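A short worksheet on the structure shown next.
The values are calculated or read from the model by the stated rules, or taken from the named source; none is laboratory data. Note that the structure is a prediction, hence the values are computed from the model and not measured. Counting neighbours? That spans all protein chains shown, and the Cβs are built from the backbone with ideal geometry, glycine included.
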């Protein structure tokens, strides 16, 4: 798509336009995210980033109601779209301890709060829990239910087949002596520094990161690469495999040079 000069917007102007269109605050960081991940194309040069007003509006029009329509067609008209919580930003759906560790299978805390708290609406017509009750989550995952129950003054028991999941969940709800925690952090940090110094891992990682930086700038330039992916101009799987094979000799040479096990 060729974009005319009259069609061009700065990131600040795009932020204002998107905020007016969506009737909510769209920050310049939100616009930069769209560029970074190939949702819209970056124009301009010499540090002057511009985007196409037409492309921006096409992107937001494609989102406006499309997710709700798609899910309604699959699940039926009785779908309660309010439970999508799509109005929340990522920082709100991964608040405080919920971003302690990446976990692919978790649901957002707002969903748990909805069913545990004491409000009612057209969909949730009665209150199921009150302070002091005990909630059992037999598939507790990363512990979202346990944390939100505790926030509401409700006791909670979590069970999970994964020992790692149990570890994450316990870390989130255990009461800590912060002085002991800091002392243990200091002890582990000292031991880690000694280990890294002795095995030359830091030197290896420094060289590896520099090699990756050069390689990625050449073959995966952002945001151009992500834009091409989104437009179907590149097949991510085959292209990625090809470049992985191409980079492997560089990696193996560094492993041998630094005697990394």
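So for region 210-218 (the condition being loosely packed, with under 14 Cβ neighbours inside 10 Å and either outside any helix (DSSP H, G or I) or in the same structural domain as residue 36 (by TED's automatic domain parsing) (or both)), does at least one residue qualify?
no
Conditions tested, residue by residue: (1) modelled with pLDDT of 85 or more; (2) surrounded by 13 or more Cβ atoms within 10 Å (Cβ to Cβ).
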| site | (1), (2) |
| --- | --- |
| 7 | no, yes |
| 32 | yes, yes |
| 39 | no, yes |
| 87 | no, no |
| 98 | yes, yes |
| 111 | yes, yes |
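Which condition number does residue 169 fail, the rest of (1) under 30 Å from residue 37 (Cβ atoms); (2) in contact with a helix residue (DSSP H, G or I) (Cβ under 8 Å, 6 or more places away or on another chain) being met?
Status for residue 169: all satisfied but (1).
Name the residues in region 18-39 that are under 23 Å from residue 231 (Cβ atoms) and free of Cβ contacts under 8 Å to residues at least 40 places away in the same chain, would you?
Within region 18-39, 21, 26, 30, 31, 32, 33, 34 qualify.
So, in region 219-239, exactly how many residues are part of a helix (DSSP H, G or I) and within 30 Å of residue 196 (Cβ to Cβ)?
Matching residues across region 219-239 total 1.
Looking only at residues in region 194-209 that are loosely packed, with under 11 Cβ neighbours inside 10 Å and over 16 Å from residue 251 (Cα atoms), which one is modelled with the lowest pLDDT?
Ranking the candidates gives 198 first.
Picking from 139, 129, 107, which residue would you name as being outside any helix (DSSP H, G or I) and surrounded by 14 or more Cβ atoms within 10 Å (Cβ to Cβ)?
Testing whether each residue is outside any helix (DSSP H, G or I) and surrounded by 14 or more Cβ atoms within 10 Å (Cβ to Cβ) leaves just 129.
Could you grab the pairs with beta carbons closer than 8 Å, sequence gap of 6+ or different chains, first residue in region 240-255 and over 14 Å from residue 214 (Cβ atoms), second one in a helix (DSSP H, G or I)?
Within 8 Å, the pairs are 255/204.
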